[in-house]
Each structure stands twice: as structure tokens, then as C-alpha cells.
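One structure is given below, represented as C-alpha cells, and several questions about it will come after.
Each value in this text was obtained by applying a stated rule to the coordinates, not by laboratory testing. Since we're looking at a predicted model, the values are computed, not measured. Every residue, glycine among them, receives a Cβ derived from its backbone with ideal geometry; neighbour counts consider all protein chains shown.
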Amino acid sequence: MTEPNNTGMTRRGAMGAIAAFAMLAQSRMASAAEGEGLKIAVIEALSGPQASSGMLFLSGIEYGTRKINQAGGFNGKDVEIVSYDNAGTSTGASSRFQQAVADGCHLIVMGSSSAIVSQLSEDARKHALRNPETPMILINVGSGALAMTGERCHFHNFRMFPIASMSVAALTKVMGDEGTLGKKVFTINQDYSWGQEFQAAVEGRAAQGDFKLVGSVLHDVNRIQDFSPYVAQIKASGADTVLTGNWSNDLLLLIKACADASLGVRFGTCFLDQPGNIGNAGVSALGHYVSTLSNCELNPEFAEDFRSEMGHYPVYNETGATVGMGFLAAALASMEPGETVDVEAIGLAMEQTEVEGDNGLQSMRAEDHQFVTPLVVSRVDREAKYPADDTDMGFLPVARVSAEELIYPVQDSCQMPRPT
Amino acid sequence: MDFLLISLLNGIVYGLLLFMVSAGLTLIFGMMGVLNFAHASFYMLGAYLAYAISGHLGFWAGVVIAPLLVAFAGVLTERYLLRRVHAFGHGHELLLTFGLALVIEEGIKLFFGNFPVNYTLPTQLDFSAFALSGMSYPFYRLFIAMIAVAMFAILYLLLKHTRTGLIVRAAERAPAMAQALGHNVPMIFTGVFALGAGLAGLAGAIAGAFYPTSPTMALDLGAIVFVVVVVGGLGSVAGSLIASLGIGVLTSLTVGMSFRLADLASTIGLGDWAREVGGLLTVPVSAVSGAVPFILMLVILLSRPAGILGARN
């Protein structure tokens with residue numbers, strides 16, 4: 001680094017110049033807009049093993065923020081996003097939360113990992129209790145843990161994601177309508193809250209008589225390298241279809257192991273669209289289903305716009321994050337510009353918002369802050385408009401399932417105190 | 001019966017894969033006393049290099065060249081990193097390799113991205129070897145097994161029955177004496193480390209085409225290869241083989257068991273009570289099959305601290 005003296009300017013002179021510039025910038029900004037700007041914290045896993053999904057959430061949220069700003073921002077100012085790296089741990093997330101508080105953020109938008117979402121939700125709850133003047137709202141765009149809208153629900157927590165039973169309902173309905181569900185279904189899931197809830201949802205569907213559940217198994221999360229023993233179990237059960245909430249390696253290894261054994265089962269999944277899955281599974285992925293919030297093929301205009309902003313077509317949880325951000329944008333747009341950012345008012349506005357999205361009519365349930373959203377079920381097909389992983393296959397949207405067919409009753413355990 | 005047979009076969013093949021990855025680790029520890037945390041990273045490096053090379057020169061070129069490159073990376077690691085901290089003891093070596101593992105992982109993400117890459121089998125290897133009760137068995141699994149068996153045979157013969165093996169073992173037992181007899185001990189250590197790293201690279205190049213090649217593959221296997229090495233006895237190649245096979249078969253068999261502790265209780269009339277208590281008593285064995293290797297490690301450490309074939313210090 002060169003000393004300021006070498007450039008012909010004294011150290012004090014340089015400092016003075018910077019301060020003057022900062023003051024100039026401030027006065028210009030103050031004259032351009034009256035109100036306080038909205039600050040969104042993105043607390044995601046941006047390093048470590050979970051970084052792959054964290055980065056995609058971030059880019060989806062970034063795109064959504066740009067769209068809000070292109071439409072005029074909030075309170076006449078650009079919405080600012082600040083990203084924090086939680087390194088994939090709850091403790092990291094909690095300390096980043098404090099940092100976000102210190103930086104004056106109003107909202108947190110994030111999606112990776114149920115454990116981290118529940119940590120941040122607790123942090124937001126306590127923060128609102130201790131600082132009723134400056135509460136923060138957590139908008140979770142990626143975790144389906146049931147407790148977040150059950151015994152742990154509170155006003156400052158919003159879930160913009162389906163729970164397991166919604167995804168299972170969408171998958172079984174569309175696969176049933178297509179005649180590809182078959183009579184016998186096997187379900188295999190990761191042994192933690194999400195996987196257990198997925199299994200319970202499949203059992204619930206089977207009890208309604210849609211199909212016969214011929215087997216269900218839970219396994220350790222991301223610790224199994226060899227899925228062939230499970231394949232033998234699926235084979236022995238004689239299943240036509242495997243429904244699974246698995247994600248990441250646990251899904252890819254399972255599908256590959258089934259293909260290697262030439263097991264002709266069809267998969268109904270929630271996370272098959274993760275980059276790398278289709279490329280690795282190859283042609284054996286053809287005909288499998290995935291249930292997601294949306295599919296960019298439903299709106300090619302959005303897909304192209306996303307590409308021109310972010311450099312690639314939206315994939316995986318990027319699409320999901322833009323759905324959540326689109327809903328937030330509609331809520332913000334419905335509000336009158338004010339002097340300051342009223343976080344409680346944003347929360348109340350979200351409860352009142354209805355959006356006709358690419359997937360259908362979306363709304364927010366006031367009782368437990370569950371996103372009442374339609375889902376899109378897609379099939380891996382060569383006809384898809386946007387191929388995945390440099391292959392000739394992609395996700396062809398098969399059907400939209402409306403929100404009222406999917407939404408579950410509010411859990412009794414959710415007793416939400418309203419802001420006064 | 002077929003189910004049992006398939007499970008056994010699956011377990012053995014998976015065990016042999018584990019052996020392929022852990023052989024280099026136990027070799028390096030046994031001969032040099034270095035607990036190499038970056039070992040699984042060499043495995044990952046092998047898979048990625050093979051993927052990169054196979055895109056240009058074909059699958060077989062990748063399988064041959066990638067392990068050599070990884071071995072060369074091992075030479076550099078030993079010569080310029082490990083040797084410098086060797087004098088400060090095992091703690092420093094451990095921390096250094098731990099850091100190296102992080103660097104390799106982030107480096108891979110930088111070059112190849114965050115998601116699994118499309119490293120897949122060539123079509124001429126992608127066929128089924130035989131079918132058993134309607135399930136075809138991929139030939140490539142058998143291929144992995146054959147490579148692992150060949151690897152064991154060569155390593156075993158090399159160490160126990162050749163002059164090179166004799167000198168290597170001498171350098172480990174009595175480095176000063178071996179040096180005095182005119183052998184270049186530092187060079188031998190470099191060679192052993194390179195061999196260990198190269199074996200991990202070979203395992204990666206071969207297994208990466210079957211299992212996904214992703215930036216988390218080192219982390220996924222990292223813990224389990226340490227379990228294999230500890231159970232087998234640190235430094236014993238034959239012990240590693242036994243441990244890997246044991247772990248593979250046990251994991252594979254427990255997956256199919258829906259047995260619960262509550263079922264055991266019901267044989268003595270306490271079934272209802274056990275189901276009421278719930279918790280651990282009603283967890284099926286299949287749900288904890290991922291923990292089986294770790295339980296095995298605990299049992300071995302408690303009953304036979306040096307491992308199955310490990311020499312007592």
C-alpha cells in the first residue's frame with residue numbers, strides 16, 4: 001500500500017476528503033427520499049458443505065430485491081440486502097442475527113436447514129419481546145418443519161414454503177391423475193423432523209385409500225454411502241412408486257442405486273431439481289416427479305428476466321426464493337410510504353396480501369403464518385424447455401395443484417400473540 | 001434368502017470400497033505415524049482429476065493419470081509441508097493436514113462449483129453382471145471389488161515379501177539404524193506418503209464414477225475411513241481389510257432389520273411397557289444402521305484398544 005504522502009496528499013487531507021464526500025452523499029440521499037430505507041438480512045450458509053444451497057437462496061433473494069428496487073423500492077428508497085454467512089451452524093446463525101440487529105436490519109430472509117430456521121425464529125421472537133420498538137421479522141423461504149407453524153409459531157415468523165403433507169398431497173394427486181402412482185407405494189426418508197413428517201404424510205394418504213403403503217423406512221441423514229441394501233428392501237416390497245423427502249446426496253445416491261439394480265420404480269420427490277442430480281442420474285431420471293413451489297417454464301418471461309439479471313436460468317431453490325420475494329414485494333407495494341420502516345405493519349400487510357403467481361393464487365394464513373400456496377408438480381422429461389445440467393432432460397411442468405386442495409388445518413398448538 | 005444373499009454381496013462390495021480408501025490412510029499412519037486428516041480429500045481430488053481428464057482423454061486415461069497426479073500432490077505435501085512441522089510433533093501434523101483438507105475442499109468448489117459434477121461410467125462398463133430375483137447387479141460394483149482385492153494383494157506382498165517392504169518397515173521401526181545402514185529415510189517417508197495418497201486418488205477415480213463426485217464426498221467418507229483404520233488397528237493393512245468388510249456387511253444387514261428393543265421385551269412379557277416408554281426402545285435397528293460403524297468402534301476400543309490386528313505399543 002502506498003503512503004498517502006506519496007500521492008501528494010497528507011493523511012489528514014485524505015481523511016478530510018473522504019468525510020466531505022460522505023457528507024455530500026448523505027445530503028444528496030436525504031434530499032432524494034424522505035423515509036427510512038428497508039434493510040433485509042440474508043443469513044445463509046455461504047461457506048461449508050451447505051454452501052451450495054445457501055448460495056442459491058441468496059441469489060434468488062437478490063433477484064427479488066432487485067425487482068422491488070426496479071419497481072421503486074420501499075419508502076422511496078432502494079431496499080438494501082446484507083448477506084451474512086452462518087457457515088451452516090445454528091450458533092453461527094445466532095451470532096449473525098445479533099450482527100444484523102446491530103446493522104439495523106428489519107427483515108431476515110433465508111431458507112437453509114430446519115435447525116437454523118428454528119434457531120433464528122427463536123432469536124426473532126426473543127428480540128421482539130425485548131425490543132418492542134424495533135422488532136425483526138423472519139421470512140423462511142426453504143424449511144418445512146411443522147413446529148414452526150405449530151408450538152413454536154409467533155407473529156414474527158413467516159413460512160413461505162410448503163410443509164411435507166402439502167408436497168405429498170400434490171405428488172400423489174398429480175401422479176394419481178397421470179396414472180403413474182401405481183397401487184403400491186414405498187416411502188424412504190431421512191430420520192429427522194422433515195423426513196418423519198414426510199413419512200407421516202404418506203401414511204396419512206395411504207389411510208385415505210389412495211394407494212397401499214408397502215413399506216416405509218427412515219435412515220440417517222447424509223451418512224449412508226451405499227443405498228443398495230435399501231434398494232433390495234424396496235424390491236422385496238414390490239413397490240411401483242417410491243415417495244421420498246430426501247435431498248442432496250441421500251436422494252441422488254438412492255436414485256442411482258435403484259437405476260443400477262434396474263429397478264423400474266418411479267420416484268415422487270421434493271428436491272430432485274437440485275443441480276447435479278439429473279446429470280449424475282442420467283437417463284434413469286426420466287419419468288420421476290418433483291413437487292416445487294413453482295417452475296420457471298410456466299413463465300418464460302420471468303426465466304429470461306432472471307437470466308439477464310443473474311446470468312443463468314433460475315434453478316432449484318432460486319425459484320422458490322423468488323416466489324417468497326414476489327409475495328413480499330406485493331405486501332410492500334400495498335403499504336403507504338412512511339417516515340420509518342414499521343416492521344409490524346409489514347407483517348400485517350403480508351397477512352392481507354393475495355398474489356396471483358405463476359403457480360396460482362397465493363395468500364398468507366394469519367393464524368399461523370403458513371404460506372397458503374399452490375404447488376407445481378413437474379416430471380423429468382426430454383420435452384422440457386429448460387434442460388438441466390447440460391443434458392437433454394429437464395423439468396416439464398405437469399400440473400398445478402391449487403392451495404385449497406393442499407392446505408392443512410391450523411395446528412391447535414399454535415397460540416400466536418398479536419402485536420398490540 | 002435372495003435378500004440375504006444380495007445384502008451380503010452389497011456389504012462385501014461396500015466394505016471393499018471402504019478398504020480402498022482407508023488402505024492409504026493406515027499405511028501412512030503405520031509407517032510414518034502421521035494421522036492424515038486430508039486423506040479423504042486426496043480421495044476427492046482423485047475423483048475430480050479423473051473427471052477433468054476423462055473429459056479430454058477418456059475414462060481409462062483418467063483412472064491411470066489421476067492417481068499419479070494425486071501421488072505427486074502427496075510428494076509435495078510431505079516434502080514441503082509435513083516435513084517442516086514433523087519436529088514439532090503429532091499435534092502439528094494433525095492440524096496441518098486438517099487445514100489442508102479445508103483448502104482442498106474450497107479449492108475444488110472454486111474450480112468445479114458447489115454441485116456434483118457429471119462424472120459417470122463409460123457405457124462399455126455400464127452393464128449388469130447377473131440378475132438375482134429380478135434385481136440386476138451392476139458389473140461396476142464387482143469391478144470396484146476386484147480393484148480393491150488386487151490392491152490388497154499387491155500392498156501385502158510388497159510390504160511383507162519384498163526387499164523394499166523390508167526397508168520401509170525398518171525405516172519405521174528404527175529410523176536411525178536404517179539411516180546408518182545407508183538408506184535415505186526421508187526419501188522413504190516421501191515415497192510412502194505418495195503411495196498412500198495415490199491409493200486414495202485411485203479409489204476416488206474409480207468410485208467417483210459410481211458414487212456422485214461432489215465437494216462433500218471427502219466429508220462423507222472422512223469419518224468412516226477413520227473408523228475403519230481404528231477398528232482394524234492403526235497401521236495394519238490386513239486389519240483394515242477385516243474392519244472394512246465387517247463394517248460393510250453389518251451396515252448392509254442392519255438396514256433390512258425392523259427389529260426393535262421393544263420386540264425383545266415382549267418375549268418376556270414387557271412389550272406393552274416398552275412401547276409405552278418409547279424412545280430408544282421403539283427405534284428400529286434400520287434407523288440406526290448409519291451409527292453401526294461407530295458403535296462397533298466403541299466396542300472395539302473398549303475391549304481391544306489397539307484394534308483387531310493392531311500391535312500394542
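To the nearest 20 debye, what charge dipole does the stretch B:2-303 have about its Cα centre, counting +1 at the Cβ of each Lys and Arg and -1 at the Cβ of each Asp and Glu?
My answer is approximately 800 debye.
Shifting gears a bit: For the stretch B:198-313, what are the per-bin percents of Cα-Cα distances with bins 5 Å wide, up to the bin holding the maximum?
In order of increasing distance, the bins hold 2, 11, 14, 16, 16, 15, 10, 8, 5, 3, 1, 0 percent.
Tell me, what is the FRET efficiency for B:Val149 and B:Ala87 to the nearest 0.05, using R0 = 56 angstrom and their Cβ-Cβ distance as r?
The formula returns an efficiency of 0.90 here.
Then there's this: Just need log10 I(q)/I(0) for the stretch A:232-385 at q = 0.13, 0.15 Å⁻¹, Debye formula, equal scatterers on the alpha-carbon atoms, no solvent, rounded to two decimals.
-0.72, -0.88
So if we plug the beta-carbon distance of B:Leu94 and B:Ala61 into 1/(1 + (r/R0)^6) with R0 = 30 Å, what FRET efficiency do we get, rounded to 0.05? Spell out each step's value before the answer.
On the way: r = 35 Å, r/R0 = 1.17.
Rounded to the nearest 0.05, the efficiency is 0.30.
Do you know the relative contact order of chain B, to the nearest whole percent, from alpha carbon pairs under 8 angstrom that are 6+ apart?
32
I would also like to ask the following. Apply the Kirkwood formula to the stretch B:45-95: the hydrodynamic radius equals the inverse of the mean of 1/r over all pairs of different alpha-carbon atoms; give it in Å with one decimal.
Working: mean 1/r = 0.0820 Å⁻¹.
Value: 12.2 Å, from the Cα pair sum.
Full extension from B:Phe139 to B:Arg304: what is 0.36 nm times the residue separation minus their Cα-Cα distance, to one decimal in nm?
55.7 nm
What is the angle, in °, between the Cα long axis of helix B:59-76 and the longest principal axis of the Cα atoms in chain B? Nearest 10 is fine, range 0 to 90.
Once rounded, the angle reads 60 degrees.
With +1 on each Lys and Arg Cβ and -1 on each Asp and Glu Cβ, how big is the dipole of the protein assembly as shown about its Cα centre, in debye rounded to the nearest 20?
3000
Taking 23 Å as the cut-off for C-alpha to C-alpha distance, list the pairs among A:Lys385/B:Lys109; A:Lys39/A:Lys126; A:Lys67/A:Lys173; A:Lys39/A:Lys67; A:Lys235/A:Lys256 that go past it. Walk me through the numbers on the way to the answer.
Working: A:Lys385/B:Lys109 28 Å; A:Lys39/A:Lys126 20 Å; A:Lys67/A:Lys173 34 Å; A:Lys39/A:Lys67 15 Å; A:Lys235/A:Lys256 14 Å.
The answer is A:Lys385/B:Lys109; A:Lys67/A:Lys173.
Moving on. Which distance in nm do the two modelled labels at B:Met257 and B:Phe111 give, with both placed 7 Å along the Cα-to-Cβ direction?
If labels sit at B:Met257 and B:Phe111, their model points lie 4.3 nm apart.
Kirkwood Rh, the stretch B:2-303, all Cα pairs: how many Å?
Kirkwood radius, the stretch B:2-303: 20.7 Å.
Same structure again: What's the FRET efficiency of A:Ser402 with A:Glu351 using the Cβ-Cβ distance as r and R₀ = 25 Å, to the nearest 0.05?
Efficiency computed from Cβ-Cβ geometry: 0.80.
Moving on. Nearest 500 deg cm²/dmol is fine: what mean residue ellipticity at 222 nm does chain A get from its DSSP H runs of n ≥ 4 alone, each adding -39,500 (n - 2.57), divided by its residue count?
Computed mean residue ellipticity for chain A: -13000 deg cm²/dmol.
Based on the alpha-carbon set only, what is the convex hull volume of the protein assembly as shown divided per residue, in Å³?
Hull volume normalised by residue count: 209 Å³.
Normalise the Cα radius of gyration of chain A by 2.2 N^0.38 Å (N = residues in it) and let me know the number. Mind showing how you got there, number by number?
Numbers: Rg = 23.2 Å, N = 420, 2.2 N^0.38 = 21.8 Å.
Dividing the Cα Rg of chain A by 2.2 N^0.38 Å gives 1.06.
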